[in-house]
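Please read the structure below before turning to the comments.
The values are calculated or read from the model by the stated rules, or taken from the named source; none is laboratory data. Treat the numbers as computed from the prediction; the structure is a model and nothing was measured. Cβ placement follows ideal geometry from the backbone for every residue including glycine, while neighbour counts extend to all protein chains displayed. The accessibility values were calculated without ligands, DNA or RNA, using every heavy atom of the protein model including side chains. Shrake-Rupley method; radii C 1.70, N 1.55, O 1.52, S 1.80 Å.
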Amino acid sequence: MGTIVVPRYGKSFKDKLYLPAIAGGMKTTIKHFIHNLKDIDNLKTMQYPEVQPDDLNERYRGVHRLTKHEDGSEKCVACFMCATACPADCIFIEAVERFDDIAEKRPKEFKIDLLECVFCGYCVEACPCDAIRMDTGIFSFVASSREDFVLNKEALMANERSKDLNNG
């Protein structure tokens, strides 16, 4: 069987300039702009951060929190399941022996680097004792330095479940 020659397009001077393609794109953009300008009340634009989203449901994955027992101690037993399941490798746990009748060990250190986290929720699914959750409703976490994005155990335990998600 012989060789099939496929003709190449775009060899003309007009095609090499890309001006017709640019003009076509601008035409579409201007058409949408005029349409939106005529019906400005129907735009779905939010003035963030002044207006916060109110459509978060209970399945929304926000910033992490560590749950506590009734006595205020952490539920985490330092089993490392969350750190093992994390695809971003952003969870660091250092275990220490526990001397109460709740569990054998507890986390001495528990840190999550939010800059590395991809908010996949695998840590929540992997936790056998429901110690870590992502139901705080905090979707915008800002800080002035990289170190502030690494949440330690105390910061994670201070995070509360969102009131909006409690009602959802």
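List every residue pair whose Cβ atoms lie under 7 Å apart, where the two residues are 6 or more positions apart in sequence or sit on different chains, the first residue falls within the stretch 126-137 and is at negative phi, and the second residue, located anywhere, is part of a strand (DSSP E or B).
ALA131/LEU66; ALA131/GLU74; ILE132/LEU66; ARG133/ARG65; THR136/ARG65
Within the set of pairs 6 or more residues apart or between chains, which connect a residue that is without any contact (Cβ under 8 Å) to a residue 12 or more places away in the chain inside the stretch 59-77 to a residue that is surrounded by fewer than 20 Cβ atoms within 10 Å (Cβ to Cβ) with Cβ atoms less than 6 Å apart?
Close Cβ pairs satisfying both conditions: none exist.
For the structure I just gave you, tell me whether ILE91 is at pLDDT 85 or above and either over 30 Å from GLU116 (Cβ atoms) or of a type in the set (Gly, Ala, Ser) (or both).
Taking the combined requirement at face value, the residue does not satisfy it.
Which residues, taken from the stretch 47-65, are open to solvent by less than 100 Å² (accessible area, probe 1.4 Å) and over 19 Å from the mean Cα position of the chain (by Cα)?
VAL51
So which helices (runs of 4 or more DSSP H) are wholly in the stretch 66-168 and hold at least 3 residues that are open to solvent by less than 40 Å² (accessible area, probe 1.4 Å) and not basic (Lys, Arg)?
Filter on the stretch 66-168 gives 81-85, 153-158.
Residues that are under 29 Å from LEU114 (Cα atoms), part of a helix (DSSP H, G or I) and open to solvent by 60 Å² or more (accessible area, probe 1.4 Å): does the stretch 6-25 have at least one?
no
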